[in-house]
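Quick notes on the structure that follows.
The values are calculated or read from the model by the stated rules, or taken from the named source; none is laboratory data. Remember, it's a predicted structure, so these values are computed and weren't measured experimentally. Virtual Cβ from ideal backbone geometry, glycine too; neighbours counted across all protein chains shown. Protein only, heavy atoms only, side chains kept; ligands, DNA and RNA dropped before computing areas. Shrake-Rupley method; radii C 1.70, N 1.55, O 1.52, S 1.80 Å.
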Amino acid sequence: RTLDEVGFGVEGFLALFRATGDGHYQKIGIAYMDQVLEKLERPDGLWERKWSRSANRALPCEYYVRGLGWAMEGLLAAHELDGTGKYLAKAQKMADVVIAAQKADGSWNVEYDKPDAEVGVSEKGTALWSHLFYRLYRHSPQTKYLKTARQALQWCLENQNLTPGDGFGGIPGMSLASGVTYRPFFPLACSYTAGFFGLALLAEQDILKRYTGE
């Protein structure tokens, strides 16, 4: 099976293209994304969750906010490789669906169509999507993208662990997804959650500097 999470593989081709200037990596990255889209893209802008190679069919979208985040990362990377606007339009379409699913406190649930009590809050997905909405805002400076990014960032700030000890500075979670299916009964602070949280903070700082000049 191929998960929707393979979308972020385009980042590798983008990094190689930027480092070398070799158009070969650009072509491969776009071809990679187009093959994934052919199998997983839905009319509403989301992606199906998996492609089963043995059954030769897609397995339905699970509204898994972190997985969709990796798909979004791939679309944005493809846009930065391609520049025609084709992948940016797809990213905007997905973003609008995800915006509608954001909770009032700025977070998303692990599967955003299910209640907190059933699936828990996605600390990983919330930090990831904060970063992604800031990145989308750079390419498409619409107020709704910045607002969504800031609401998610505010949730991260309010839920950051500032108690000295294990996981200091991180955003702990306790759900089936927080420990990637193990130790769901124990609060865990994932390092890449903190990484995307940090990238979102840097993006906000950059915006503030542009407005204040400081």
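Criterion first (open to solvent by 50 Å² or more (accessible area, probe 1.4 Å), outside any helix (DSSP H, G or I) and among the acidic types (Asp, Glu)) does ASP96 satisfy it?
no
Which ones in the stretch 15-49 are acidic (Asp, Glu), closer than 17 Å to ALA91 by Cα and free of Cβ contacts under 8 Å to residues at least 12 places away in the same chain?
Within the stretch 15-49, ASP34, GLU38 qualify.
From the list LEU14, LEU88, LEU59, LEU37, which residue is touching a Leu at 6+ places or on another chain (Cβ under 6 Å), surrounded by fewer than 22 Cβ atoms within 10 Å (Cβ to Cβ) and of a type in the set (A, V, I, L, M)?
LEU14
Do we find a residue being open to solvent by 10 Å² or more (accessible area, probe 1.4 Å), more than 22 Å from ALA127 (Cβ to Cβ) and not in a helix (DSSP H, G or I) anywhere in the stretch 69-83?
yes
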